[in-house]
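The values are calculated or read from the model by the stated rules, or taken from the named source; none is laboratory data. Quick caveat: nothing in here was measured; it's all calculated off a predicted structure. Glycine gets a Cβ as well: all are built from the backbone with ideal geometry, and neighbour counts include every protein chain shown. For accessibility, only protein heavy atoms count, side chains too; no ligands or nucleic acids. Shrake-Rupley method; radii C 1.70, N 1.55, O 1.52, S 1.80 Å.
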Amino acid sequence: MSIRARENLIGAWAFLIAVVLAVVGGVVSTLIGQGSEAANQTLLGLLSVLGLIVGYFVAEKDVKTFLFASVSLVIVSFAGLQGGVLSAAILGIVNVNKLITNVLGALMFLFVPATIIVALKTVFSIAKS
């Protein structure tokens with residue numbers, strides 16, 4: 001029987017909840033449109049706080065991997081937002097461009113704070129040694 005590490009349990013759950021919220025929130029905001037601006041702002045604020053929590057709980061041994069993956073995701077998300085990815089429509093109901101833009105934007109609200117926290121922790125760790 002293997003022993004499971006519990007050192008990143010809080011960070012792992014925060015990350016899982018945040019990614020699900022980002023994807024579901026992006027899809028829901030696409031379907032209901034711009035009518036619920038307060039709900040969108042609350043969701044984005046919650047994603048930012050969860051991003052701070054995720055960044056704080058990244059273990060020191062996983063810093064390089066996390067920074068590489070998160071910076072890649074942020075750059076690709078930004079490029080996707082700026083480039084207007086896929087302007088096709090699915091069944092004439094959901095505009096794929098708007099859907100992808102909303103999901104990528106929500107993921108950026110999660111990963112940017114997490115990346116900043118991990119990068120700052122790394123810089124302070126380097127400065128201490």
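General observations
- Using the Cβ-Cβ distance between Val28 and Ile116 with R0 = 35 Å, the FRET efficiency computed as 1/(1 + (r/R0)^6) comes to roughly 0.85.
- On full extension, the segment bounded by Ile75 and Leu52 gains 6.4 nm, given 0.36 nm per residue less the C-alpha separation.
- Figure note: Thr122, Thr65 ranked by solvent-accessible area, largest first, 1.4 Å probe, ligands and nucleic acids not counted: Thr65, Thr122.
- With all protein chains modelled, accessible area of Phe68 [1.4 Å, Å²]: 150
- Label-point separation, Phe124 to Ser36 (7 Å along Cα→Cβ), nm: 3.6
- FRET efficiency, 1/(1 + (r/R0)^6) with R0 22 Å, evaluated for Trp13 and Glu60 via beta carbons: 0.70
- Region 4-84 shape via C-alpha gyration tensor axes, a/c threshold 1.5: oblate
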